[in-house]
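The values are calculated or read from the model by the stated rules, or taken from the named source; none is laboratory data. These figures come from a predicted structure and were not determined experimentally. When we count neighbours, we look across all protein chains shown, and the Cβ atoms used for this are built from the backbone with ideal geometry, even at glycine.
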Ligand SMILES: Cc1cc2nc3c(=O)[nH]c(=O)nc-3n(C[C@H](O)[C@H](O)[C@H](O)COP(=O)(O)OP(=O)(O)OC[C@H]3O[C@@H](n4cnc5c(N)ncnc54)[C@H](O)[C@@H]3O)c2cc1C
C-alpha cells in the first residue's frame, strides 16, 4: 500500500481542524497509541489527533483521504487483535476526548453517546436511572471500540453482543461525509442494514462518531452458581444442559482446572483443582431465581458435580465471581516472566464439547502450557498461551492455527468477539469463501484509497 508521510503542511491542516492542543507528535504519545493489549509488536503513528466533534472527524478524514494518509481509529486500546495499532503510520485518531453522554432517553430505554465513553463509566451513570448497557468485555473498553469490534463478553448469552444493543449510529466516511445509519425505532425495515455493516468493521469502513444504544433495566434480583466437575466433558455438557433447560442464564462461563487453581491461589476464592462452571441468573422476583437455582442444582447433580455453591446474596455473589471477573489480571500477575497470546474462537453450542475436548487433547499431546476460559453459553472459548521462548512461540502459533481450523470445521468462526485485526485475516477466505470478495468490494466502494485502518481484516496476498 502506498501512502504519503505526514508533512509539516499536513500537520498545519490538522491543527486548523482540531486546534493546537488537540494534536501531538510527542514520542510518549506516539508510544501510548502504538500498541493495544495484544501480543503484536507496537508500531507508531506519525501524529495522534484528538478530535472533539463529529465534524472534526469528518474533516480529518477528508484531508487524510485527499493526501493519501492512513488513519487508524483508537478507542482506549484494550483490543486483543492489534486493531488499533497504526501499522502504516499516519494518523492515530484518538476518540478519548469524545466521551460524553449526549442524551438519555430513559422512557425509550436508550442512550445516545459519543464513541469514546467507557462502557463501565456509562453504566455508572445509567445506574441512576435503573438502566444499563449489557455488553461487557472485561476491560473498560470504549463504546466506539466495542461497536467497531462487535465486542461481546460475559452477559452475551442473555443480552446479546454489541450488535444486538445498538439502534443508530453516526459515521464519518473516508471522503468526509457524515451519515446516519439505523434509527431510534426498535423495529427497522427501511432499506439495507447499513448499521450492522459498520458494526464489526474495525474502523476499516468509517469512524463511529455517535451511537444510540439499547438499554435494559438493572435486574432486581441476581443469583450466582459456581460448580466443580470431575472432568472437562462433564463441565461442558452441563453448559449445554443448562442452555437446553431454558433457564436463561445471564452468564455461563467455563474455567478449566489449571485456571481454577491459578484463580484460587491468587484471589483467595476457594476453587478446587477441577474444571468449573460459573453461572449468573437475573430475575424480577426472588422466587423465580430460587426456582431456577433448584433446577440448576438438579442439572449439576445429574452431570456429576463435585460441589455446587449457589447464592442470591449480593456480597457472596460478588465474592464468588470476583476471581472470574479479574482472571486476566490474575493470569498476567501469576506469570511475570511471560507474554500472553489470548486466542478466541466460537462454535455452535452443540459442538462446544467436541471443540473443548480437541483443545484439551492437542495441548496435552504437544506439552503446551495453556489455560482455557470461555463464554461457554455462547460456544465461545479463549485459549490463553503463556510464552517466552521462540520455541514456545512457534508451538503456540501452530496450536492456534489448528484450533481455528477445528472451530471452522465444526461450523464455527475464527473469532467470536475479539475481531479479525491482524491475526485472523488469513482465515476469512476459509470462513467466508466468495463472501470475502463482497467484503472487499464494499471496502473499495467506501474507502477506495484504503486509508481507513490499513492492514486489518484483509491480508496482503488477498489485495489484488
Ligand atoms: C482484560 C481484557 C478482557 C477482555 N475481554 C473481552 C471480552 O470478554 N469480550 C470482548 O469482546 N472483548 C474483550 N476484550 C477485548 C477488548 O476489550 C474489545 O476488543 C474492545 O471492543 C476494544 O475496545 P477499545 O475501546 O479498547 O478499542 P481499541 O482497542 O482502541 O480499538 C479496537 C478496534 O476498534 C476500532 N475503533 C475504535 N474506536 C472506533 C470508532 N469510534 N470508530 C471506528 N472504529 C473504531 C479500532 O481502530 C480497532 O480496530 C478484552 C480485553 C482485555 C484487555
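Against the test of being surrounded by fewer than 18 Cβ atoms within 10 Å (Cβ to Cβ) and either in contact (Cβ under 8 Å) with a residue 40 or more places away in the chain or within 12 Å of the ligand (Cβ to nearest atom) (or both), the options 108, 136 yield a single qualifying residue, 108.
Among the residues of segment 453-464, are any over 20 Å from residue 90 (Cα atoms), in contact with a strand residue (DSSP E or B) (Cβ under 8 Å, 6 or more places away or on another chain), assigned to a loop (DSSP other than H, G, I, E, B) and in contact (Cβ under 8 Å) with a residue 60 or more places away in the chain? Scanning segment 453-464, I find no residue that is over 20 Å from residue 90 (Cα atoms), in contact with a strand residue (DSSP E or B) (Cβ under 8 Å, 6 or more places away or on another chain), assigned to a loop (DSSP other than H, G, I, E, B) and in contact (Cβ under 8 Å) with a residue 60 or more places away in the chain, so the answer is no. Looking for something touching a strand residue (DSSP E or B) at 6+ places or on another chain (Cβ under 7 Å) and either within 16 Å of the ligand (Cβ to nearest atom) or outside any helix (DSSP H, G or I) (or both) - is there at least one such residue anywhere in segment 351-360? There is no residue in segment 351-360 that is touching a strand residue (DSSP E or B) at 6+ places or on another chain (Cβ under 7 Å) and either within 16 Å of the ligand (Cβ to nearest atom) or outside any helix (DSSP H, G or I) (or both). Residue count for segment 338-350 under the criterion of being more than 16 Å from the ligand (Cβ to nearest atom) and more than 22 Å from residue 242 (Cα to Cα): the result is 0. Going through (1) away from the ligand (no atom under 14 Å from the Cβ); (2) out of contact with any strand residue (DSSP E or B) (no Cβ under 9 Å at 6 or more places or on another chain); (3) at negative phi one by one, residue 407 falls short only on (2).
Please verify whether residue 203 is crowded, with 23+ Cβ neighbours inside 10 Å, part of a helix (DSSP H, G or I), within 12 Å of the ligand (Cβ to nearest atom) and not assigned by TED's automatic domain parsing to the domain that holds residue 422, treating the condition exactly as stated. So residue 203 fails the test.
Given the structure, is residue 131 within 12 Å of the ligand (Cβ to nearest atom), farther than 23 Å from residue 323 by Cα and either buried (at least 18 other Cβ atoms within 10 Å of the Cβ) or modelled with pLDDT of 95 or more (or both)?
Details: within 12 Å of the ligand (Cβ to nearest atom): no; farther than 23 Å from residue 323 by Cα: yes; either buried (at least 18 other Cβ atoms within 10 Å of the Cβ) or modelled with pLDDT of 95 or more (or both): yes.
No; evaluated as a whole, the condition is false for this residue.
Restricting to segment 29-41, give me the number of residues that are away from the ligand (no atom under 13 Å from the Cβ) and closer than 18 Å to residue 455 by Cβ.
Here is the first cut: in segment 29-41, the ones away from the ligand (no atom under 13 Å from the Cβ) are 29-31, 41.
Remaining after also requiring closer than 18 Å to residue 455 by Cβ: 30, 41.
Number of matching residues: 2.
Do you know which of the residues in segment 374-404 that are in a loop (DSSP other than H, G, I, E, B) and surrounded by fewer than 19 Cβ atoms within 10 Å (Cβ to Cβ) is nearest to the ligand (Cβ to nearest atom)? Only one residue tops the list, namely 388. Is it true that residue 42 is under 24 Å from the mean Cα position of the chain (by Cα), within 28 Å of residue 415 (Cβ to Cβ) and surrounded by fewer than 18 Cβ atoms within 10 Å (Cβ to Cβ)? So residue 42 passes the test. I'm checking my understanding of the structure. Among residues of segment 70-97 that are surrounded by fewer than 24 Cβ atoms within 10 Å (Cβ to Cβ) and at negative phi, which one is nearest to the chain's Cα centre (by Cα)? This residue is 78.
When segment 142-198 is filtered for residues that are part of a strand (DSSP E or B) and within 14 Å of the ligand (Cβ to nearest atom), the ones remaining, listed by number, are 142, 166, 169, 170, 171, 172, 178, 179, 181. Of the residues in segment 355-370, not one is within 20 Å of the chain's Cα centre (by Cα) and either touching a residue at least 60 places away in the same chain (Cβ under 8 Å) or closer than 19 Å to residue 37 by Cα (or both). Assuming residue 421 fulfils every condition listed in (1) touching a helix residue (DSSP H, G or I) at 6+ places or on another chain (Cβ under 7 Å); (2) surrounded by 18 or more Cβ atoms within 10 Å (Cβ to Cβ); (3) in a loop (DSSP other than H, G, I, E, B) apart from one, which condition is it? Condition (1) is where residue 421 drops out.
Report those helices (runs of 4 or more DSSP H) wholly inside segment 1-115 carrying at least 2 residues which are more than 30 Å from residue 424 (Cα to Cα).
Working: elements: 8-18, 27-32, 54-67.
Ranges flagged: 8-18, 54-67.
Taking the criterion of being at pLDDT 95 or above, in contact with a strand residue (DSSP E or B) (Cβ under 9 Å, 6 or more places away or on another chain), within 13 Å of the ligand (Cβ to nearest atom) and more than 29 Å from residue 165 (Cα to Cα), would at least one residue in segment 59-75 satisfy it? The answer is yes; a qualifying residue exists.
Quick check, is residue 278 within 20 Å of the chain's Cα centre (by Cα), in a strand (DSSP E or B) and in the same structural domain as residue 246 (by TED's automatic domain parsing)? Taking the combined requirement at face value, the residue satisfies it.
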